[in-house]
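Colleague: Quick one: the structure is below, and I'll ask about it shortly.
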Amino acid sequence: MKRFILKRLLIAVPVLIGITFVIFILLNVVPGDPVALMMGERMSPEIIERVRHQMHLDDPWPVRYVRFLAGAVQGDLGESYKLQRPVADLIVGAFPVTLKLALAAALVAWLIGIPAGILSAVKQYSLTDNFFMGLALTGVSMPVFWTALLFQYVFALKLGWLPVAGFYSAKHLIMPALVLGWSSSGLIARLTRSSLLDVMRHDYIRTARAKGLRNVPVILRHALKNALLPVVTVMALQIAFLLSGSVITESIFNIPGVGRIAVGAIQNRDMPLLQGAVLFTTVLVILGNLAADVLYGWLDPRIRYE
Amino acid sequence: MHDDERVSDNKMKTPDSGQGIAPEKIEVKKDDVETLFGDVFRAFQKNRSALVGLCVVLFITVLALSAPYVLSHDPYTMNLDNRNQPPSEAHWFGTDTYGRDLMARVIFGARISLVIGLIPAFLATCIGSILGVASGFYGGKTDFWIMRLADVVLAFPSLLLAMVIMYTLGANLFNIFIALSIVGWASTSRIVRSQTLALKEKEFVEAARALGVKKRTIIFRHILPNCLPNIMVVFTMSIPSAIMQEAGLSFLGVGAQPPTPSWGLLVSQGKEFIFSAPWVAIIPGVAILILVLAFNFMGDGLRDAIDPYMKD
């Protein structure tokens, strides 16, 4: 197991270096001049030159990349142009909010997706199956921002059950979590269904049936255990996906998380803040994938010894 | 393509089997020949939801193409006396914040969504297929570097990477093509690579190699055509996700810019009035949902038809 984890970690390192490089090139080298981009075209060239020098932006880019990497490893992501505060502080401050939203959304996705998937698989090709799978595909096809507006209209305006936006209490979390969770419950439902159908074809299920067990214990006790293996992995991936998927949800519901920071940084042309937010989220996603891999290996010895 | 290969296989085998037995001449009627695409077409035809999806896509395409000829309103003409009007006989979908006819804007928006769905998905599929086949066929260092690049691209949450690219290139429609192509190629390349690895070991590739066929010819004549069914599935599946990503980017303000009637932008402009004029945001969203759903049904149907084992 230790070797398995170590191997996975070693694979993740070049990817981590790769993403820092891509982010750096995209935000620092390609645009030519981040300072001009930030200050607008009307600023005089002398001032731009002075600011460039002050920020060490006139060094060659490999030097700047190494400095960026060295800083990032030590938790220094530079300072926000607009807010004049360390980027790392801003992101660490916003992260708990994003995490809460992602976890709540994941819970929603599983609570909807897994039962729907099980029902579909058990009644394969029935009306129930078609209904749930149609619903799952609809869920996948609904743009998150539109679902959010629809929910706001129905639950906040028409029914008055939930607050429209903001982030002050648990009640404020319900609607964003539903919106974000709904969008990925379709995927979970489809996966649960296909995985369960796959497991149901195995011999040990036939044996269980031959012993005279009823349908429900066969499914819940024998089949589901194995069928949920890939689902568990996807769950870990989903949390990572939801962390990044919250960009749109956070900006609609005005939730002060990492996603809204990223969108705000784009609007304010605040390059260090955008760079920090993207780097942070991507590293989280990679760690999430790593956790999913390890979890899968731990749950399923066949993977570990491959 | 597949028939050609079968025929040439037979030709190659005849000299070997010349142990006194004359090669029998088998007559094949044209109708009996089962081609892969014929098979797929028949399976696809039986799939009702896939057919509905195809019809919806065709309907929207025709509507989008004929938009300037059938619409009585212009999507850009403002009429400030007529702002946020609810759906009526004159304006079936109502009017938007600047009094523009929403139906005209939604139908013109279909052009953008279709183009955005098709072109970046096509570019990404082409890039991914070529890199994937090169990676799988040549192996070694080529394989290593292409796959590490794919790993890095796939590690990014796609919307975030697209956002950063749009930030760098500037927000406009053309740059969305670039951003979505850069984001989309990696998953295709992985799929094509793994299939190339399997095909590389097949006899017909070995035979071609033994005959001294050039590597490039083997790739384009023997390997890529056999990957084509899967590439088609990947392509169909990546259309809806490209449409969704464009809508998301435009909604966040880093995609299409006003007054372009992109659906994501229409929803974004309507969100300010969600409580007073909900149709302005809701109707373009329904349009996205319908088009994406239709493509998803089509993609599912195509996948089931091409690879029945994938079905459940």
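Colleague: Distances longer than 43 Å among the Cα atoms of the protein assembly as shown: what percent of all pairs is that?
Modeller: Value for the protein assembly as shown (Cα pairs over 43 Å): 28 percent.
Colleague: Let me ask another. Got a sec to turn the phi values of the stretch A:65-81 into Karplus ³J(HN,Hα) couplings, 6.51 cos²θ - 1.76 cosθ + 1.60 with θ = phi - 60°, whole Hz, x for Gly and Pro?
Modeller: Here the 3J(HN,Hα) series is 5, 4, 5, 4, 5, 4, x, 4, 4, 8, x, 9, 10, x, 10, 5, 4 Hz.
Colleague: Could you quote the convex hull projected area for chain B, Cα atoms only and averaged over all directions, in nm²?
Modeller: 21.2
Colleague: I need the fraction of alpha carbon pairs in the stretch A:201-277 separated by more than 21 Å, rounded to a whole percent.
Modeller: Summing the P(r) of the stretch A:201-277 above 21 Å gives 54 percent of all pairs.
Colleague: Here's another thing I want to ask about it. The stretch A:162-226 to the stretch B:262-286: how many Å between their Cα centroids?
Modeller: Cα centroid of the stretch A:162-226 versus Cα centroid of the stretch B:262-286: 33 Å apart.
Colleague: In addition: Measure out, as a whole number of angstrom, how far apart the alpha-carbon centroids of the stretch B:137-205 and the stretch B:47-91 sit.
Modeller: Using only Cα atoms, the two centres lie 35 Å from each other.
Colleague: Let me ask something else. For the protein assembly as shown, which whole percent of the accessible surface, found with a 1.4 angstrom probe, sits on carbon and sulfur atoms? Let's see the in-between values first.
Modeller: Numbers: 19940 of 31150 Å².
Heavy-atom surface of the protein assembly as shown belonging to carbon and sulfur, 1.4 Å probe: 64 percent.
Colleague: What longest region of chain A stays clear of chymotrypsin sites (Phe, Trp or Tyr not before Pro) that DSSP places outside H, G, I, E and B and that have at most 12 other Cβ atoms within 10 Å?
Modeller: Maximal segment without exposed cleavage sites: A:169-304.
Colleague: For the charge dipole of the stretch A:91-299, defined by +1 on Lys and Arg C-beta atoms and -1 on Asp and Glu C-beta atoms about the Cα centroid, which residue among A:Thr147, A:Leu187, A:Ala208 has the Cα displaced farthest towards the positive pole?
Modeller: A:Ala208
Colleague: With angles folded into 0 to 90 degrees, how steeply does helix B:36-46 sit against the dominant principal axis of chain B? Use alpha carbons for both and round to 10.
Modeller: 40
Colleague: OK, next. Tell me the trypsin sites (Lys or Arg not before Pro) within the stretch B:161-229 that lie in a loop according to DSSP and have at most 13 other beta-carbon atoms within 10 Å.
Modeller: Counting only loop positions with at most 13 other Cβ atoms within 10 Å, the trypsin sites (Lys or Arg not before Pro) in the stretch B:161-229 are B:Lys202, B:Lys214.
Colleague: Can you give me the long-range amide H partners of B:Arg100? Hydrogens built in the peptide plane at 1.01 Å from N, cutoff under 5 Å, separation of 5 or more residues or another chain.
Modeller: So B:Arg100 has HN proximity to B:Asn79.
Colleague: Now for a separate question. Over both sides of the B-A contact, add up the buried accessible area with a 1.4 Å probe and give it to the nearest 100 Å².
Modeller: Counting both chains, the buried surface is close to 3900 Å².
Colleague: Additional query: Per residue, how much accessible area does chain B show when a 1.4 Å probe rolls over the protein heavy atoms, in square angstrom?
Modeller: On a per-residue basis, chain B sits at 51 Å².
Colleague: Shifting gears a bit: Under 5 Å between amide H atoms, partner at least 5 residues away or on a different chain: which partners does A:Glu79 have, H built in plane at 1.01 Å?
Modeller: For A:Glu79, the qualifying residues are A:Val87.
Colleague: Once phi is turned into ³J(HN,Hα) by the Karplus curve 6.51 cos²θ - 1.76 cosθ + 1.60 with θ = phi - 60°, what whole-Hz value does each residue of the stretch A:162-170 show in order, with x for glycine and proline?
Modeller: 10, x, 5, 7, x, 8, 10, 9, 4
Colleague: In degrees from 0 to 90, rounded to the nearest 10, what is the angle of the helix A:127-141 Cα long axis to the longest principal axis of chain A?
Modeller: Tilt of helix A:127-141: around 0 degrees.
Colleague: In the P(r) worked out for chain A, what percent of Cα pairs fall beyond 31 Å?
Modeller: Counting every Cα pair in chain A, those more than 31 Å apart make up 45 percent.
Colleague: In degrees between 0 and 90, to the nearest 10, how far off the longest principal axis of chain A does helix A:2-24 point, with axes built from Cα atoms?
Modeller: For helix A:2-24, the angle is close to 40 degrees.
Colleague: In whole Hz, with x marking every Gly and Pro, tabulate ³J(HN,Hα) for the stretch A:261-267 from phi via Karplus 6.51 cos²θ - 1.76 cosθ + 1.60, θ = phi - 60°.
Modeller: 4, 4, 5, x, 5, 5, 5
Colleague: Among the listed pairs B:Lys46/B:Lys214; A:Lys100/B:Lys271; B:Lys46/B:Lys200; A:Lys2/A:Lys225; A:Lys7/B:Lys200, which have their C-alpha atoms separated by more than 30 angstrom in this model?
Modeller: Cα-Cα > 30 Å for B:Lys46/B:Lys214; B:Lys46/B:Lys200; rest within.
Colleague: Give me the log10 of I(q) over I(0) for the stretch A:1-155 at q = 0.09 Å⁻¹, as the Debye formula computes it from C-alpha points; what are the numbers?
Modeller: After summing over all Cα pairs, the log10 values are -0.60.
The values are calculated or read from the model by the stated rules, or taken from the named source; none is laboratory data. Remember, predicted model here, so these are calculated numbers, not experimental data. Cβ coordinates were reconstructed from backbone atoms using ideal geometry, including for glycine residues, and neighbour counts include every protein chain displayed. Note: areas computed on protein heavy atoms with side chains; ligands, DNA, RNA excluded. Shrake-Rupley method; radii C 1.70, N 1.55, O 1.52, S 1.80 Å.
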